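Everything on this sheet refers to the single structure shown next.
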């Protein structure tokens with residue numbers, strides 16, 4: 001046991017050395033980011049990433065351990081380095097220098113993300129929350145901010161947008177709702193009032209640090225200047241910026257969010273009602289089951305009220321839900337009929353559809 005304790009102490013020392021090297025790598029990455037900004041080159045270089053990964057895999061083979069482990073480690077380090085460089089780019093752009101922003105709903109998760117994001121750009125950020133906190137009485141303030149972000153639940157957001165239209169703030173105004181049709185009247189009222197207004201949908205969660213590979217949707221509601229101004233806030237990030245009209249946005253979101261959420265809710269609801277215990281299923285789990293379970297577990301831990309809003313407030317939501325029910329019924333009927341040809345046809349059609357989407361870079 002004394003030898004075991006000695007070996008564990010040695011592991012602790014090695015872990016410390018590894019972490020010190022990671023910190024050193026982060027500092028070098030920050031310097032690389034500075035050079036990239038000075039040279040006006042993109043933060044992300046996929047060709048260089050491939051070189052780094054292949055180098056790591058080759059080194060792992062030489063050192064006698066799994067190339068896959070080396071690749072996983074290096075990919076984590078690359079993402080961390082990119083996050084450092086992206087934060088540096090956002091801060092260096094300083095788009096908010098000398099400007100003030102108000103986040104209505106700033107105590108929420110996504111509101112908090114925007115507090116951090118705008119603060120990193122140099123904005124002086126204030127928060128106002130209808131449920132309490134700083135500036136709970138936001139409507140009674142001067143509202144002379146350069147930027148106002150509405151980050152409340154959708155049911156409250158439309159009323160806030162309508163109230164802002166009555167006040168007519170001089171700065172840019174946008175919401176960050178997952179749906180836009182429930183906010184239609186508030187957005188239209190702001191346009192009529194002559195307010196610089198647009199609508200934004202960040203397609204990522206509040207724990208996101210690196211925006212590479214993430215999308216931000218901008219819905220132009222009739223003020224192109226406002227949409228361009230909102231897009232500019234993300235110009236120094238690696239996020240993909242997408243423009244859509246309001247109706248197209250909600251129809252697409254019925255599938256991108258509504259369908260995927262409903263599928264996972266149905267999945268864990270079926271499991272919970274199956275009579276099989278979670279430990280028993282874990283004993284005989286498969287790769288596919290574990291992957292699906294991991295997604296479902298994360299979704300089950302989210303705010304159910306927000307997820308209900310996404311399902312119930314989308315005017316196009318019923319389309320996706322009907323498709324899900326009909327698809328499940330087709331699978332059931334095919335299996336019950338013992339029709340292997342029809343089953344193969346379902347999988348072939350799905351494969352063709354998914355291949356048409358293309359592979360992520």
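The values are calculated or read from the model by the stated rules, or taken from the named source; none is laboratory data. This one's a predicted model, so the numbers in the text were calculated from it and none came from an experiment. With ideal geometry, Cβ positions are generated from the backbone for all residues, glycine too; neighbour counts draw on all protein chains shown.
Those residues that are crowded, with 20+ Cβ neighbours inside 10 Å, in contact with a strand residue (DSSP E or B) (Cβ under 8 Å, 6 or more places away or on another chain) and not in a helix (DSSP H, G or I), I need them from the stretch 234-269; list them, please.
234, 239
Can you name every residue in the stretch 326-342 that is assigned to a helix (DSSP H, G or I) and loosely packed, with under 12 Cβ neighbours inside 10 Å? Can you show your working first?
Within the stretch 326-342, the subset assigned to a helix (DSSP H, G or I) is 326-336, 340-342.
Residues satisfying the conditions are 326, 329, 332, 333, 336, 340, 341.
Could you check the stretch 148-159 and list, in sequence order, the residues that are in contact with a helix residue (DSSP H, G or I) (Cβ under 9 Å, 6 or more places away or on another chain) and either free of Cβ contacts under 8 Å to residues at least 60 places away in the same chain or outside the structural domain of residue 230 (by TED's automatic domain parsing) (or both)?
Quick first cut of the stretch 148-159, residues in contact with a helix residue (DSSP H, G or I) (Cβ under 9 Å, 6 or more places away or on another chain) only: 148-155, 157-159.
Passing the criteria: 148, 149, 150, 151, 152, 157, 158, 159.
Could you identify the single residue in 345, 349 that is exposed (fewer than 12 other Cβ atoms within 10 Å of the Cβ) and either assigned to a helix (DSSP H, G or I) or out of contact with any helix residue (DSSP H, G or I) (no Cβ under 9 Å at 6 or more places or on another chain) (or both)?
Result: 349 is the single residue among 345, 349 that is exposed (fewer than 12 other Cβ atoms within 10 Å of the Cβ) and either assigned to a helix (DSSP H, G or I) or out of contact with any helix residue (DSSP H, G or I) (no Cβ under 9 Å at 6 or more places or on another chain) (or both).
Are any residues in the stretch 46-65 part of a helix (DSSP H, G or I) and over 23 Å from residue 213 (Cβ atoms), and if so, which ones? Step through it out loud before you land on a result.
Pass one, the stretch 46-65, residues part of a helix (DSSP H, G or I): 46-63.
Passing the criteria: 58, 59, 60, 61, 62, 63.
Could you go through the stretch 25-45 and let me know if any residue there is in the same structural domain as residue 236 (by TED's automatic domain parsing), out of contact with any helix residue (DSSP H, G or I) (no Cβ under 7 Å at 6 or more places or on another chain), modelled with pLDDT of 85 or more and assigned to a helix (DSSP H, G or I). Reasoning before the result, please.
In the first step, residues of the stretch 25-45 are kept if they are in the same structural domain as residue 236 (by TED's automatic domain parsing); the result is none.
Scanning the stretch 25-45, I find no residue that is in the same structural domain as residue 236 (by TED's automatic domain parsing), out of contact with any helix residue (DSSP H, G or I) (no Cβ under 7 Å at 6 or more places or on another chain), modelled with pLDDT of 85 or more and assigned to a helix (DSSP H, G or I), so the answer is no.
Collect the residues in the stretch 213-233 that are within 21 Å of the chain's Cα centre (by Cα) and part of a loop (DSSP other than H, G, I, E, B), keeping them in residue-number order.
Once the filter is applied, which keeps residues that are within 21 Å of the chain's Cα centre (by Cα) and part of a loop (DSSP other than H, G, I, E, B), the stretch 213-233 yields 213, 214, 220, 233.
Would you be able to say whether some residue in the stretch 203-212 is part of a helix (DSSP H, G or I), more than 23 Å from residue 254 (Cβ to Cβ) and out of contact with any helix residue (DSSP H, G or I) (no Cβ under 6 Å at 6 or more places or on another chain)? Don't jump to the end; show me each part of the working.
From the stretch 203-212, those part of a helix (DSSP H, G or I) are none; that's our starting set.
Scanning the stretch 203-212 turns up no residue that is part of a helix (DSSP H, G or I), more than 23 Å from residue 254 (Cβ to Cβ) and out of contact with any helix residue (DSSP H, G or I) (no Cβ under 6 Å at 6 or more places or on another chain).
Assess whether residue 186 counts as being assigned to a loop (DSSP other than H, G, I, E, B) and either in the same structural domain as residue 99 (by TED's automatic domain parsing) or touching a strand residue (DSSP E or B) at 6+ places or on another chain (Cβ under 6 Å) (or both).
Values: assigned to a loop (DSSP other than H, G, I, E, B): no; either in the same structural domain as residue 99 (by TED's automatic domain parsing) or touching a strand residue (DSSP E or B) at 6+ places or on another chain (Cβ under 6 Å) (or both): yes.
Taking the combined requirement at face value, the residue does not satisfy it.
Looking only at residues in the stretch 294-317 that are touching a residue at least 60 places away in the same chain (Cβ under 8 Å) and either in a helix (DSSP H, G or I) or not assigned by TED's automatic domain parsing to the domain that holds residue 268 (or both), which one is surrounded by the fewest Cβ atoms within 10 Å (Cβ to Cβ)?
Result: 305.
Please specify each residue of the stretch 243-260 satisfying the condition of being free of Cβ contacts under 8 Å to residues at least 60 places away in the same chain and either touching a helix residue (DSSP H, G or I) at 6+ places or on another chain (Cβ under 6 Å) or farther than 27 Å from residue 308 by Cβ (or both). Steps first, please.
First, the residues of the stretch 243-260 that are free of Cβ contacts under 8 Å to residues at least 60 places away in the same chain: 243-245, 248, 252, 256, 260.
Hit for the stretch 243-260 is 243, nothing else.
State the number of residues belonging to the stretch 81-107 that are assigned to a loop (DSSP other than H, G, I, E, B) and surrounded by fewer than 23 Cβ atoms within 10 Å (Cβ to Cβ).
Here the count works out to 7.
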